[in-house]
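Please read the structure below before turning to the comments.
Only the coordinates and a few stated rules stand behind these numbers; no lab work does. Only a predicted model underlies this, so the values are computations on that prediction, with no experimental measurement involved. Note that we place each Cβ from the backbone using ideal geometry, even for glycine, and neighbour counts take in every protein chain shown.
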Ligand code: FAD
């Protein structure tokens, strides 16, 4: 009989490992443990259609709930793994039970980063990562008139678009000089700045925050300038941090993410890790990377499952990503870091264009706006024409 595989974290990556193991012929016992009450679900709609109320929870499920029973996957919800005893190969659960494993896969994802700011614990200061978070945000949105979103990244901007469509007064406060600066070029940031402002969002750039105001309940945000922006709901959308504590406390190597090789294997040969919680060395980018995307969760999970089935694999993906804001779809192929030239094709005024990023006259990344064809072509062309000398060792 094949040894038992236990997966911790029943999200996008954990569910994919379970599915790929069964599809690949794994017949041994397979457990998928998650601390949320739901079957595995997709998070992208949480800040888009689910927040807007356009789809219900069943529209989020990654597989029909019956899939897990049919495929003999023991899905254990509402259960938090508290510790890993590597020498006994046992998991300590938060409810006091223990569980043995033969091979272990960590798919614990990330948590929303919190603000270490005076007043950040007031009622109405919220983050967005789970269905439960959206339930709280929705309830608050039903009475709040003024929303402040701290952070002009893709989650903050997506929520701004939904809140605006609901008729709210929305301010977005961004510390840097342009939104989504970490992931897109100036031209694309500038396009989204204009877009949000034209829809009535008060997008404040280069703006620091001093404190969250209010009594028990939030009443506003005090900026570094002293100005107070009133709000009944403050969403903190300043990025995410990997859930790597379980691994580090068990003595596995971590560095802002669980360190894994091209098979998803950690520093313990019996333990793998996949998805947002991992960091791996990319031969393509000649540096270690930690990705937070559906593409990475699915592709790395498939690779780890193949490795667990004894296949020779090496994970080095071309990353891709998307974001929906109002009726605009942004799609990103490749990482644009290190580019020395950009070419804009199409028309920002007509809301349909793409920006190609070049290095040494070679295409390394493309941001597409309402242009799915250019996105698909970019993924193919970048993949086929990639030159290894594009990004020399730092
Ligand atoms: P997760 O899906 O986060 O799953 C991890 C699971 O493990 C969670 O359920 C967690 O509760 C559980 N867990 C953690 N610790 C334990 C423990 N000790 N015991 C038991 N269970 C545990 N990506 C895109 O590509 N495009 C998008 O448009 C996009 N939009 C997004 C919008 C939002 C609001 C969010 C939050 C994310 C978005 N993402 C998007 C990112 C994408 O959802 C993640 O990259 C993906 O979910 C990562 O999958 P994962 O399985 O690694 O982690």
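Taking other Cβ atoms within 10 Å as a rough exposure proxy, 35, 299, 312, 340 sort from fewest to most as 312, 340, 35, 299.
Quantify how much of the Cα-Cα distance distribution of the range 171-298 extends past 22 Å, in percent. Walk me through the numbers before you get to the answer.
Numbers: 4520 of 8128 pairs.
Across the range 171-298, Cα pairs with separations above 22 Å total 56 percent.
Of the residues 160, 175, 237, the one that moves most in a GNM of the chain with alpha-carbon contacts below 10 Å is 175. The fraction of all Cα pairs in the range 262-394 landing in successive 10 Å bins from 0 to the largest distance is 12, 37, 32, 15, 3, 0, given as whole percents.
Set the Förster radius R0 to 25 Å, insert the Cβ-Cβ distance between residue 165 and residue 132 as r into 1/(1 + (r/R0)^6), and round the FRET efficiency to 0.05. Write out the running numbers ahead of the final one.
Numbers: r = 23 Å, r/R0 = 0.91.
Rounded to the nearest 0.05, the efficiency is 0.65.
The distance from the alpha carbon centre of the range 225-297 to that of the range 17-79 is 21 Å, rounded to a whole number.
Among 263, 277, rank each residue by its count of other Cβ atoms within 10 Å, from fewest to most, as a rough exposure measure.
On the way: 263 19, 277 30.
With the fewest neighbours first, 263, 277 line up as 263, 277.
Work out, step by step, the length gained on full extension between residue 245 and residue 228: first 0.36 nm times the residue separation, then minus their alpha carbon distance; give nm to one decimal.
Numbers: separation 17, 0.36 × 17 = 6.12 nm, distance 3.67 nm.
Once the chain is fully extended between residue 245 and residue 228, it gains 2.5 nm.
So if R0 is 25 Å, what FRET efficiency would residue 380 and residue 288 give, r being the distance between their Cβ atoms, rounded to the nearest 0.05? The computed FRET efficiency comes out at 0.40.
Helix 131-141 and the longest principal axis of the Cα set of the chain meet at an angle near 20°.
Can you sort 320, 61 by how many other beta carbons sit within 10 Å, fewest first?
Arranged by neighbour count, lowest to highest, 320, 61 become 61, 320.
Relative to the longest principal axis of the Cα atoms of the chain, the long axis of helix 12-23 makes an angle of roughly 40 degrees. With a Förster radius of 30 Å applied to the beta-carbon distance between residue 76 and residue 329, the computed FRET efficiency rounds to 0.25.
The C-alpha atoms of the range 26-103 occupy a region whose extents along the principal axes are 48, 27, 17 Å, arranged from largest to smallest.
Can you give the percent of C-alpha pairs in the chain whose distance is more than 26 Å? Intermediate results must be reported in sequence, preceding the final value.
Details: 44032 of 77421 pairs.
Of the Cα pairs, 57 percent sit more than 26 Å apart.
Specify, per residue and in Å³, the volume enclosed by the convex hull of the alpha carbon atoms belonging to the range 327-381.
Measuring per residue, one finds 69 Å³ for the Cα hull of the range 327-381.
Computed from Cα atoms, the angle from the helix 294-308 axis to the main principal axis of the chain rounds to 10 degrees. Taking every alpha-carbon pair under 8 Å whose residues sit at least 6 apart, the chain reaches a relative contact order of 15 percent.
Using helices alone, I'd like the mean residue ellipticity at 222 nm for the chain: each DSSP H run of four-plus residues gives -39500 (n - 2.57), total over residue count, nearest 500. Value at 222 nm, helices only, nearest 500: -6500 deg cm²/dmol.
Taking the inverse of the average 1/r across all pairs of different Cα atoms in the range 114-236, what Kirkwood radius in Å do you get? Before the final figure, lay out each step's value.
Numbers: mean 1/r = 0.0694 Å⁻¹.
Value: 14.4 Å, from the Cα pair sum.
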